[in-house]
Amino acid sequence: MSALPLFPVTTVGSWPRPPQVQGALRQFRRGRMDRAELDRVLDAAVIDLLRLQADLGCDIVTDGELRRDNFYSFVADRLAGVRLMTLAEMIDVVEDKAGFERLLQTLDVPAYSISSPICTGRVARRDALAADDLRFVRRHADGPVKVTLPGPYLLTRAMFVPELTRACYPTKEALAEDVVALLRSELADLATEGADFVQFDEPVLTEVAFSPGRTRTFMCAALAARKDPAEELELAVSLMNRVVDGTQGMRIGVHVCRGNWSRDETTLLTGSYQPLAPYLERLDVRQLVLEYATERAGDLMGFGDKELGMGVVNPRTDVVESVAAIRAAVEDALRFYAPDRIFLNPDCGFGTFSNRPMNTADIAAAKVSAMASAARELRG
Ligand SMILES: [Zn+2]
């Protein structure tokens with residue numbers, strides 16, 4: 001990666017889709033727009049967003065996940081053996097229908113609006129997950145680029161629905177083998193295309209640690225994998241370490257949050273990273289991208305010699321954090337991290353879902369701008 005300044009500013013991935021992108025995605029889904037026209041709209045929007053991030057002072061840019069329906073369901077378009085299903089469709093197939101209905105009620109998520117990628121056959125890469133998108137970004141961005149991908153544990157948990165998956169994979173561990181293989185291929189392609197930073201999203205880890213036996217998020221279609229949380233977290237660590245084993249030249253990060261699907265903070269999980277620390281420390285990745293702007297994340301702590309991608313603004317609020325507050329939070333983090341090991345980012349994405357962004361583009365831009373101002377002061 002080209003040299004970064006101290007306290008590099010970046011985002012966690014998603015950006016609110018501009019109206020023309022939302023409109024084009026809708027038209028495409030209804031068969032009223034062809035792929036080429038959709039790509040023209042998306043290409044133009046990504047170019048605009050890259051320019052905006054540079055203007056706002058982002059040191060590492062992303063494509064805002066503008067081409068994705070959400071941060072993990074997009075894989076259905078690009079993998080064989082995976083089908084996109086709405087949560088409403090899934091009620092028809094899961095055995096514990098009452099449990100699934102209860103889950104949807106507690107979540108503040110409309111069952112028809114969220115889709116999940118479900119494994120219904122042998123999983124294999126049909127198209128690149130992100131390498132083609134990266135090639136486009138590389139052509140239009142001068143500086144370092146971050147690429148986001150769903151982590152191997154999230155993908156496995158999301159895609160494994162026993163009623164639909166068992167014909168091909170008897171257990172989720174068996175499915176995980178193919179997930180690891182496809183993510184390794186993707187990482188190799190991202191290295192070839194010149195990715196500077198690859199961030200794997202593993203938001204489900206907090207759920208495993210905080211509410212064992214009770215699946216609380218829509219991301220895990222398979223209800224209540226009633227296993228020992230320690231065993232599940234060990235599996236998550238081993239899958240990630242196998243995915244990144246032997247990777248060179250790229251900064252690899254893992255993002256762990258407590259959910260980012262609702263502005264109603266009471267539906268999101270609460271608890272510090274403490275129970276996850278023994279696992280996060282053993283991930284063979286350079287950076288942990290963590291939320292700290294929300295009080296639900298608890299006290300700041302160190303994780304061995306890891307870098308911290310520090311969440312300093314809340315992506316779900318209208319109030320823009322002050323430069324002074326961001327600066328004070330980072331100065332506090334210097335108790336645990338050397339200055340060259342702290343990156344500044346929001347707690348999570350501003351977009352998450354193409355049809356249900358967590359914020360407006362204007363507020364997202366104001367928050368990124370505040371982070372950039374704080375970083376400039378800190379460098380001084
Ligand atoms: Zn997140």
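The values are calculated or read from the model by the stated rules, or taken from the named source; none is laboratory data. Computed from a predicted model, the values in this text were never measured in an experiment. As a convention, Cβ positions derive from the backbone with ideal geometry for all residues, glycine included, and neighbour counts pool all protein chains shown.
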Task: Residue among 123, 147 that alone is outside any helix (DSSP H, G or I), touching a strand residue (DSSP E or B) at 6+ places or on another chain (Cβ under 9 Å), closer than 20 Å to residue 260 by Cβ and not basic (Lys, Arg) - done: 147
Task: Enumeration of residues in the stretch 1-22 that are assigned to a helix (DSSP H, G or I), in contact with a helix residue (DSSP H, G or I) (Cβ under 8 Å, 6 or more places away or on another chain) and not aliphatic (A, V, I, L, M) - done: 20
TODO: Answer yes or no: is there a residue in the stretch 284-294 that is at pLDDT 95 or above and surrounded by fewer than 16 Cβ atoms within 10 Å (Cβ to Cβ).
DONE: yes
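So, in the stretch 351-368, how many residues would count as being at pLDDT 95 or above and either over 25 Å from residue 263 (Cβ atoms) or in a loop (DSSP other than H, G, I, E, B) (or both)?
Step one: list which residues in the stretch 351-368 are at pLDDT 95 or above, which gives 360-368.
From what's left, either over 25 Å from residue 263 (Cβ atoms) or in a loop (DSSP other than H, G, I, E, B) (or both): 360.
Matching residues across the stretch 351-368 total 1.
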TODO: Taking only the stretch 144-155 into account, find how many residues are of a type outside the set (A, V, I, L, M, F, W, C) and at pLDDT below 95.
DONE: 0
TODO: Could you identify the single residue in 321, 331 that is in a loop (DSSP other than H, G, I, E, B) and either closer than 22 Å to residue 197 by Cβ or at pLDDT 95 or above (or both)?
DONE: 321
- [ ] Run residue 309 past the list (1) in contact (Cβ under 8 Å) with a residue 60 or more places away in the chain; (2) more than 13 Å from the ligand (Cβ to nearest atom) and report the number of the one that doesn't hold.
- [x] (2)
Open item on the list: Could you go through the stretch 348-370 and let me know if any residue there is within 16 Å of the ligand (Cβ to nearest atom), charged (D, E, K, R) and in contact with a Cys (Cβ under 9 Å, 6 or more places away or on another chain).
Closed with: no
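Out of all the residues in the stretch 248-265, which are at pLDDT 95 or above and either assigned to a loop (DSSP other than H, G, I, E, B) or within 15 Å of the chain's Cα centre (by Cα) (or both)?
At the first step, the residues of the stretch 248-265 found to be at pLDDT 95 or above are 250-256.
Answer for the stretch 248-265, where residues must be at pLDDT 95 or above and either assigned to a loop (DSSP other than H, G, I, E, B) or within 15 Å of the chain's Cα centre (by Cα) (or both): 250, 252, 253, 254, 255, 256.
Look at residue 296 and say whether it is closer than 25 Å to residue 322 by Cα, within 16 Å of the ligand (Cβ to nearest atom) and assigned to a helix (DSSP H, G or I). Step through it out loud before you land on a result.
Numbers: closer than 25 Å to residue 322 by Cα: yes; within 16 Å of the ligand (Cβ to nearest atom): yes; assigned to a helix (DSSP H, G or I): yes.
Yes: the conditions hold for residue 296.
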TODO: Among the candidates 243, 237, single out the residue that is away from the ligand (no atom under 16 Å from the Cβ), more than 24 Å from residue 296 (Cα to Cα) and part of a helix (DSSP H, G or I).
DONE: 243
TODO: Go through the stretch 1-29 residue by residue and tally those that are over 19 Å from residue 364 (Cβ atoms) and surrounded by 18 or more Cβ atoms within 10 Å (Cβ to Cβ).
DONE: 3
Open item on the list: If a residue must be surrounded by fewer than 24 Cβ atoms within 10 Å (Cβ to Cβ) and within 16 Å of the ligand (Cβ to nearest atom), how many such residues does the stretch 315-342 contain?
Closed with: 2
Open item on the list: If residue 32 satisfies all but one of (1) over 17 Å from residue 357 (Cα atoms); (2) among the basic types (Lys, Arg); (3) surrounded by 13 or more Cβ atoms within 10 Å (Cβ to Cβ), what's the number of the condition it fails?
Closed with: (3)
- [ ] Could you grab the pairs with beta carbons closer than 6 Å, sequence gap of 6+ or different chains, first residue in the stretch 173-200 and among the aromatic types (Phe, Trp, Tyr), second one surrounded by 21 or more Cβ atoms within 10 Å (Cβ to Cβ) and outside any strand (DSSP E or B)?
- [x] 197/60; 200/151
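Among the candidates 133, 59, which residue alone is in contact (Cβ under 8 Å) with a residue 40 or more places away in the chain, in contact with a Pro (Cβ under 7 Å, 6 or more places away or on another chain) and surrounded by 16 or more Cβ atoms within 10 Å (Cβ to Cβ)? Break it down into steps so the answer makes sense when it comes.
Values: 133 fails: in contact with a Pro (Cβ under 7 Å, 6 or more places away or on another chain).
That would be 59, the only listed residue that is in contact (Cβ under 8 Å) with a residue 40 or more places away in the chain, in contact with a Pro (Cβ under 7 Å, 6 or more places away or on another chain) and surrounded by 16 or more Cβ atoms within 10 Å (Cβ to Cβ).
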Task: Every pair of residues 6+ apart whose Cβ atoms lie under 7 Å, when the first sits in the stretch 63-89 and is closer than 25 Å to residue 144 by Cα and in contact (Cβ under 8 Å) with a residue 24 or more places away in the chain while the second is small (Gly, Ala, Ser) and in a strand (DSSP E or B) - done: 69/115
